[in-house]
Amino acid sequence: MSTKQDKTEPEPEVVADKLKSPFNKKILIGIGAIVVAFHILINFYVAPEDSDFVGAIFSISTSLAASVMAMIIAIRYAGAKVFQKAHVALAIAYFGIFLGEITYLIYDLYIPDVDPYPSIADIFFFIQYPMILVHLFLNIRFFSPKLAKKSKIWIVGFPIFVLGTFTLLSQITAEEDIFTNFDYWYGVIFVTASALTLSVGVIGAILFKGGVIGKAWFLLVIGILCNTVGDVWYYNLEIFSEYSLVHPVNLFWYAGYLLVIYALIKHKNTL
């Protein structure tokens, strides 16, 4: 494998040993415990009139933290054009989620006459997908400019599989033809984009396994996986107007944001 490496980019051989540090199982268990404990808290120990606000604040703060961490790494990569651009894109992605969470909260709590879905909040939420893809492709192209045929098939085939699963689950629970339902087609856009980010992320995880950014990348992909599961479930719920800010689907987004934060911290500690 040959690459045209910019002289300003960090040498993979120099940082490889640092990036082979194992996961801290206590942190991973802690993330799971925090997510479950918080869900129990807002559903059983917080007053119903306050639970939506408390849940939204958790999402807002964790998505903002992920954005800040990505930007810190981008700054640390000053002079390394590819990696700096990649992490700026990731910072924008999670800042978009942050803005979407705030906008959704404003609609939900302070503009009761307007449904927060669909709304301008979706524009901010959607920003994450192209920006995460930019982050993934910049990293992958730097280390592997040419993708294998199997990788290309996976990148196309996996989103089709996820979309098929989303369609099947939606049709099974629907009392009418979902193909005439606006919420289904609206959800297709987001579900497809989310599945695409995951499929590309998996390619990166395989490519970097045991290598330069293997551990941090694996954590990032697991975070994206949690978000994808949350997205598919959420847009299925919206077809039937069953979503709320205290619904269990939020567990996947909480876990996803926290895993991404951990991945970025792990990456930062190896620089």
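Gyration tensor over the Cα atoms of the chain: the corresponding equivalent ellipsoid has semi-axes (square roots of 5 times the eigenvalues, largest first) of 33, 22, 16 Å. For region 105-230, the dipole from Cβ point charges (+1 on Lys and Arg, -1 on Asp and Glu) about the Cα centre works out to 1380 debye, to the nearest 20. The mean sequence distance of close C-alpha pairs (under 8 Å, at least 6 residues apart), as a share of the length of the chain, puts its relative contact order at 27 percent.
In what sequence, largest accessible area first, do Lys26, Lys152, Lys215, Lys266 appear using a 1.4 Å probe?
Lys26, Lys152, Lys215, Lys266
Three principal axis extents of region 204-243 based on alpha-carbon atoms, in descending order, are 44, 12, 7 Å. In this Cβ point-charge picture (+1 for Lys and Arg, -1 for Asp and Glu), the chain has a dipole of about 2240 debye about its Cα centre.
Pick from Ala70, Ala121, Ala33: which is most flexible by mean-square fluctuation in a GNM of the chain where alpha carbon atoms under 10 Å apart are linked? Between Ala70, Ala121, Ala33, it is Ala33 that shows the largest mean-square fluctuation. Which of rounded, prolate or oblate describes region 60-176 when judged by the alpha-carbon gyration tensor and an a/c cut-off of 1.5? Here region 60-176 falls in the oblate category.
Across region 173-230, the convex hull enclosing all Cα atoms gives 78 Å³ per residue. Counting only protein chain heavy atoms and rolling a 1.4 Å probe, the accessible areas of Asp108, Asp50, Asp113 rank, largest first, as Asp113, Asp50, Asp108. So if we plug the beta-carbon distance of Ala148 and Ala47 into 1/(1 + (r/R0)^6) with R0 = 45 Å, what FRET efficiency do we get, rounded to 0.05? For R0 = 45 Å, the calculated efficiency reads 0.25.
A simple packing score, the average count of other Cβ atoms within 10 Å per residue, orders the peptides 181-189, 92-100 as 92-100, 181-189, with the highest score first. Here the accessible area of the chain is 69 percent carbon and sulfur, with a 1.4 angstrom probe and all protein chains present.
Think of a 1.4 Å ball rolled over the protein heavy atoms: the chain then has 50 Å² of accessible area per residue. Here the simple spin-label model places points 7 Å from the Cα toward Cβ, and for Asn181 and His247 these points are separated by 1.1 nm. Applying the Karplus relation 6.51 cos²θ - 1.76 cosθ + 1.60 with θ = phi - 60° to region 111-128 yields 3J(HN,Hα) values of 10, x, 7, 10, 6, x, 9, x, 7, 4, 4, 5, 4, 5, 4, 5, 3, 4 Hz, where x marks Gly and Pro. Heavy-atom accessible surface of Ser244, to the nearest 10 Å², is about 40 Å², with a 1.4 Å probe and all protein chains retained.
Accessible surface of Leu207, taken over heavy atoms with a 1.4 Å probe and every protein chain present, rounds to 70 Å². Of the residues Val200, Val54, ranked by 1.4 Å probe accessible area with the largest first, the sequence reads Val54, Val200. The slack between Thr192 and Ile57, meaning 0.36 nm per residue of separation minus the straight C-alpha distance, is 45.9 nm.
The values are calculated or read from the model by the stated rules, or taken from the named source; none is laboratory data. Just so you know, these numbers come straight off a predicted model, no measurement behind them. Heads up, the Cβs are rebuilt from the backbone with ideal geometry, glycines too, and the neighbour counts pull from every protein chain shown. Calculation scope for accessible area: heavy atoms of the full protein, side chains included, ligands and nucleic acids excluded. Shrake-Rupley method; radii C 1.70, N 1.55, O 1.52, S 1.80 Å.
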